[in-house]
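Enquirer: My questions all concern the structure below.
Each value in this text was obtained by applying a stated rule to the coordinates, not by laboratory testing. What you see is a predicted model, and the numbers here were worked out from it, not measured in a lab. FYI the Cβ positions are ideal-geometry reconstructions off the backbone, even for glycines, and counts take in every protein chain you see.
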Amino acid sequence: MRDLRVGAGDNGNGNGAAGQGRGTMRGRRTIQFDNIRTRPEHVNSKLGTSGQSVKLSANYFEVLHHTDWCLYQYRVDFAPEEDRTGLRKAMLRDHKKVIGGYIFDGTMMFTSHRLNPDPMELFSTRQSDEAQIRITIKLVGDLSQGDSHYLQFFNIIMRKCLGHLKLQLVGRNFFDARAKVDIREFKLELWPGYITSIRQHEMKIMMCAEITHKVMRQDNVLDLLSECHRQSSNDPRNTFVKAIVGSVVLTDYNNRTYRIDDVDWDVTPASTFPLKEGATISYKDYYSQKYQINITQPKQPMLVSRSKPRELRAGMSELIYLVPELCRMTGLTDEMRANFHLMRALAEHTRVGPDIRIQKLNNFCNRLLGEQAVRQDLEEWNLQLSNRLVEFNGRILPQEKILQAQDIKYDAGADTDWTRNLRSNPLLIIPQLQFWVVIVPNRASRDAGGFIQTLIKAAGGMRFIMPKPQVVEIPDDRAGTYVNALENVISGKNPQLIMCIVSNNRIDRYSAIKKKCCVDRAVPTQVMLAKNLASKGVMSIATKVAIQINCKTGGAPWTVDVPLTNLMIVGFDVCHDTTDKGKSYGAMVASLNKSLSRYFSAVSAHTSGEELSSHLAANMTMCKGKDQHVFIRTEKIICASGYWCDASAAGQIMIAILVVYVSVASSVM
């Protein structure tokens, strides 16, 4: 059992309890963690022996030597409150001679010596408004080697080191604007960046390093406004407002992002606004004087962004006016994501092989350790980082055997693609599909007829007999038209499956179709894009669609040989609604047969956004009621859950194991 001391300070005598800081535990506590046993008693080693031995590298660098001093952890508060981390660091930096050596992340500060007095009060002047800011530094506790907060300390040092590489901070990650890749034909820039994380890994402390990329668009909001005028001559203003409101833009002159809340058509760069000194100045002159930027279109409307609560507390105006010409668009639109050539151009730089990835990681480490300021920071805190990726032995396992009907077996293949074998052999379980319907806009009906023939032919090769469907043509592709057609088809014809052919991947239309057929009437559906009906690889598309239809109507295409008998696989995870943070849903699936092709599923609403759900036991009980014989035969239950990742990150892995164990055990009993 491992003990971690949390919240301990010395209260003036070297070993007492410190005053309470926000985010700390009350009093002096010892948290006990049981060693999680994952190896059966009769097994000496979990290392396997099958397969071919191979030497592997991972994207980790070992921390060869690290600080083992007693560190003091302080909480730093600012009054009036200042939420901008950069300003907090700058104001504290003014008192470095008083504080001495320290590491500060914007909230917590670590020092190798105790400050006197405690708490300590310092005063700085905020440059933006000349306000006097009181800085209160209060002891939270001391950290000894082995304390979990030591890892937080190491990560703060590493982020400081990354700042020495002249990288640009976008969000929480660092990107190298000087090494950007121009993709001119799509007006995009690709910025390479780095993500690091120092954590305890078994007996060693290691730094995980990952290469990431940021897609930066070269077009600005003024370009979008011009495009709206070209495409919608009747009502360009309304088109522009719909396109820009809710999006996030980047301003290069201060490297900040803003969410656009409105467009003010009555204000232009020629309009004036009051300065804090009382004088007035036009937006055009303001940007010219402060940033040396010349605005070329003085009649463009201004974008409006509403300040966040923390920005209001920092003294910023409630409404921030932005010039469209100076706002760069961010992110990829749905149209861009659907552009195969654009995504392929991005993939050439983002999807690299192991050799190039290893080379880039080694170059990053050499660049990091080659910087004089980085070496000084690491030496100051007694840290030494390896310049080589960790290496270890691995095994290439034998290929799995794919099982289909009539005892047909074959290897999955080196590239795990067995489509060719699947296309010419009978599927594992083939349902009886007697009647199905295709709903298609009349302008796509001709291509739909050709695809249906190809689909029936592809299914026949896999011994899946698909009769000719009844085709229902609709006049347009609006969501309401599809919903009405679905209601008429389901009420009057009762098909086993409905295929809906749509003109594009609009989410509102797709959601309406799925809601109608999953929630209201419970009929399997297959939604297809019209552009795929006559594309170049139509036979491959038809094969995959036939397999999906087979599964949705009760079949199974293939399986693998599972050596464990009387086994049930249970999966559970939680989805948090991105639009409504108060809504969360837990979903569970459980296998019901040996080939793992039949599943019971259940969805439950969570009331308070929790990850560790109390609904798992109820869902398992529902599964038991669905098929009692499966539970009678079941000897082993394997639970794969999103719990593990979330709980491991939060240090609650034992709680997660207990919740899942009790939930499953209570339902089975």
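Enquirer: Taking every pair of alpha-carbon atoms in the stretch 113-234, what share in percent sits in each 5 Å bin, from 0 to the bin with the longest distance?
Expert: So the P(r) values, bin by bin, are 2, 8, 11, 11, 11, 13, 12, 11, 8, 6, 4, 3, 1, 1, 0.
Enquirer: Continuing with the same structure: Can you list residues whose amide H is under 5 Å from His201's amide H, if they're 5+ apart or on another chain and H is modeled 1.01 Å from N?
Expert: Correct list: Met206.
Enquirer: Moving on. Report, in whole Å, the centroid distance computed from the Cα atoms of the stretch 82-136 and the stretch 428-455.
Expert: After rounding, the separation between the Cα centres reads 68 Å.
Enquirer: Please give, to one decimal in nm, the separation of the simple spin-label points placed at Lys308 and Ser595, each 7 Å out from Cα toward the Cβ.
Expert: Between Lys308 and Ser595, the simple spin-label model gives 5.2 nm.
Enquirer: For the stretch 219-330, what ratio Rg/Rh do Cα atoms give with a Kirkwood hydrodynamic radius? List each step's numbers first, then the result.
Expert: Details: Rg = 14.1 Å, Rh = 14.7 Å.
Rg/Rh: 0.96.
Enquirer: How compact and how long is the chain, expressed as Rg and Dmax of its alpha-carbon atoms in Å?
Expert: Just the Cα atoms of the chain yield Rg and Dmax of 30.7, 87 Å.
Enquirer: Express in nm, to one decimal, how much length is gained between Asp508 and Ser445 on full extension, taking 0.36 nm for each residue of separation and deducting their alpha carbon distance.
Expert: Between Asp508 and Ser445, full extension yields 20.5 nm more.
Enquirer: Cα centroid distance between the stretch 137-169 and the stretch 273-328, in Å?
Expert: Rounded to whole Å, the Cα centres lie 35 Å apart.
Enquirer: Right, next: So what are the radius of gyration and Dmax for the Cα set of the stretch 533-576, in Å?
Expert: 16.3, 46
Enquirer: Would you kindly work out the equivalent ellipsoid of the stretch 300-459 from its C-alpha gyration tensor and give its semi-axes, the square roots of five times the eigenvalues, largest first in whole Å?
Expert: Equivalent ellipsoid of the stretch 300-459: 50, 37, 16 Å, largest first.
Enquirer: Could you list His615, His213, His341, His606 in order of exposure, starting from the residue whose Cβ has the fewest other Cβ atoms within 10 Å? It would help to have the intermediate numbers written out before the result.
Expert: Working: His615 22, His213 15, His341 8, His606 19.
Going from least to most buried by this count: His341, His213, His606, His615.
Enquirer: Continuing with the same structure: Rank the residues Trp381, Trp69 as a footprinting-exposure proxy: fewest other Cβ atoms within 10 Å of their Cβ go first. Don't skip to the end; give the middle numbers.
Expert: Working: Trp381 20, Trp69 12.
Fewest-to-most ranking of Trp381, Trp69: Trp69, Trp381.
Enquirer: For Met216, which sequence-distant residues (separation of 5 or more, or a different chain) have an amide H within less than 5 Å of its own amide H, given hydrogens modelled in the peptide plane?
Expert: For Met216, whose amide H was placed from the backbone, the distant partners under 5 Å are Glu189, Leu190, Trp191.
Enquirer: Any idea what % of Cα-Cα pairs in the stretch 66-149 are farther than 21 Å?
Expert: Of all Cα-Cα distances in the stretch 66-149, 28 percent exceed 21 Å.
Enquirer: Of all GluC sites (Glu not before Pro) in the stretch 160-232, which ones are in loop regions per DSSP and have a Cβ with at most 15 other Cβ atoms within 10 Å? Provide the component values of the computation, followed by the final result.
Expert: Details: sites: Glu185, Glu189, Glu202, Glu210, Glu227; in loops: Glu202.
Answer in residue order: Glu202.
Enquirer: Mind pulling the angle between the C-alpha long axis of helix 615-626 and the longest principal axis of the chain? Nearest 10 degrees, somewhere in 0 to 90.
Expert: 10
Enquirer: Right, here's the next one. Could you check the spin-label model distance between Lys360 and Phe123? Points 7 Å from the Cα along Cα→Cβ, value in nm.
Expert: Distance between the two pseudo-spin positions: 5.1 nm.
Enquirer: Given only helices, namely DSSP H runs of n ≥ 4 each adding -39500 (n - 2.57), what is the per-residue ellipticity at 222 nm of the chain, to the nearest 500 deg cm²/dmol?
Expert: -9000 deg cm²/dmol
Enquirer: Follow-up question, since we're still on this one. As a test of understanding, state the convex hull volume per residue of the stretch 273-329 from its alpha carbons, in Å³.
Expert: Spelled out: Cα convex hull of the stretch 273-329, divided by residues, is 106 Å³.
Enquirer: Using a Cα-Cα cut-off of under 17 Å, which lysines could be cross-linked to Lys624, ignoring same-chain neighbours fewer than 8 residues away?
Expert: Lys594, Lys636
Enquirer: Which three semi-axes in whole Å describe the equivalent ellipsoid of the stretch 43-104, each the square root of 5 times a Cα gyration tensor eigenvalue, listed largest first?
Expert: Over the Cα atoms of the stretch 43-104, the semi-axes work out to 47, 16, 13 Å.
Enquirer: FRET efficiency for Asn382 and Asp94, Cβ-Cβ distance as r, R0 = 25 Å, nearest 0.05?
Expert: With R0 = 25 Å, the Cβ-Cβ based efficiency is 0.40.
Enquirer: Which cross-chain or sequence-distant (5 or more) residues have an amide H under 5 Å from the amide H of Ile429, H modelled 1.01 Å from N in plane?
Expert: Those qualifying (amide H under 5 Å, at least 5 residues apart or on another chain) are Ala556.
Enquirer: With θ set to phi - 60° and the Karplus curve 6.51 cos²θ - 1.76 cosθ + 1.60, what are the ³J(HN,Hα) couplings of the stretch 419-431 in order, to the nearest whole Hz, using x for Gly and Pro?
Expert: 4, 5, 5, 5, 5, 10, 10, x, 5, 4, 10, 10, x
Enquirer: While we're on this one: Starting from the Cα of Lys457, draw a straight line to each of the lysines and keep only those under 19 Å, dropping any in the same chain fewer than 8 residues away.
Expert: The qualifying lysines are Lys468, Lys536, Lys544, Lys552.
Enquirer: What are the trypsin sites (Lys or Arg not before Pro) within the stretch 257-315 that DSSP puts in a loop, where the Cβ has at most 11 other Cβ atoms within 10 Å?
Expert: Passing both the DSSP loop test and the Cβ count: Lys276, Lys299.
Enquirer: Right, something else. Straight-line reach from Lys96: which lysines have a Cα under 17 Å away, not including same-chain ones fewer than 8 places off?
Expert: Result set, ordered by chain and number: Lys138, Lys160.
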